[in-house]
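The values are calculated or read from the model by the stated rules, or taken from the named source; none is laboratory data. Since the structure is predicted, the reported quantities are computational estimates derived from the model, not experimental observations. Glycine also receives a Cβ, built like all others from the backbone with ideal geometry; neighbour counts cover every protein chain displayed.
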Amino acid sequence: MRPIRLSLVALGLAATLAGAACDEKLSDVAGPTPNLVPTFSSIQQEIFNTTDSSGRLACIGCHTDNGRTPAGGLVLLDGRSYQALVGQASRFKAGAIFVVPGDPNASYLIHKLEGAADIAGSRMPRGTGPFLTSGQMQIIRRWIELGAKND
Ligand code: HEC
């Protein structure tokens, strides 16, 4: 009996997920940043540059060289963040690359934002949160999957 029940549960789940994929609007997934879509300019605008309705900090509050030393030596300002992230190595974690086009799991930026066990330093944004939601992470992961273009 057990295997049959399990497979029914699995099927039910698959149906739910398929339904969600069709019905759910991207803006619902994007949560506190309803305009977030999987392009770099959108990530710049909605995540790096600005806070959101959850109260999450804007990255450029710390990652700027405007009047200060950029946190972690990383500048995420408009026009500079792409070059600083895509294919670039972490200063603190040997061998880690921030964004590996096509491979979100290998991208250290994702590890830092999700607070993965392997990171050096703290989860980003630094502090006690709010951190990015799983929906926001899904959209950033999708941008990387699509080739991490400067779009
Ligand atoms: C309150 C200040 C602050 C905010 C806000 C902040 N950071 Fe950071 N960030 C730091 C500091 C300090 C470091 C270096 C120490 C560490 O890694 O914990 C760092 C390190 C990093 C690193 C790793 C750098 C390396 O060479 O390994 C990444 C990637 C990063 N931040 C991305 C972000 C992103 C993306 C955001 C916005 C979602 C963000 N940070 C928000 C302070 C901040």
Can we say SER42 is closer than 20 Å to GLY147 by Cβ, more than 10 Å from the ligand (Cβ to nearest atom) and of a type outside the set (Asp, Glu)? yes
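Going by the conditions given, is ALA120 without any contact (Cβ under 8 Å) to a residue 12 or more places away in the chain, hydrophobic (A, V, I, L, M, F, W, C), in the same structural domain as ILE60 (by TED's automatic domain parsing) and part of a loop (DSSP other than H, G, I, E, B)?
no
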Scanning region 78-102 residue by residue, those more than 9 Å from the ligand (Cβ to nearest atom), in a loop (DSSP other than H, G, I, E, B) and surrounded by 14 or more Cβ atoms within 10 Å (Cβ to Cβ) turn out to be ARG80, VAL100, PRO101
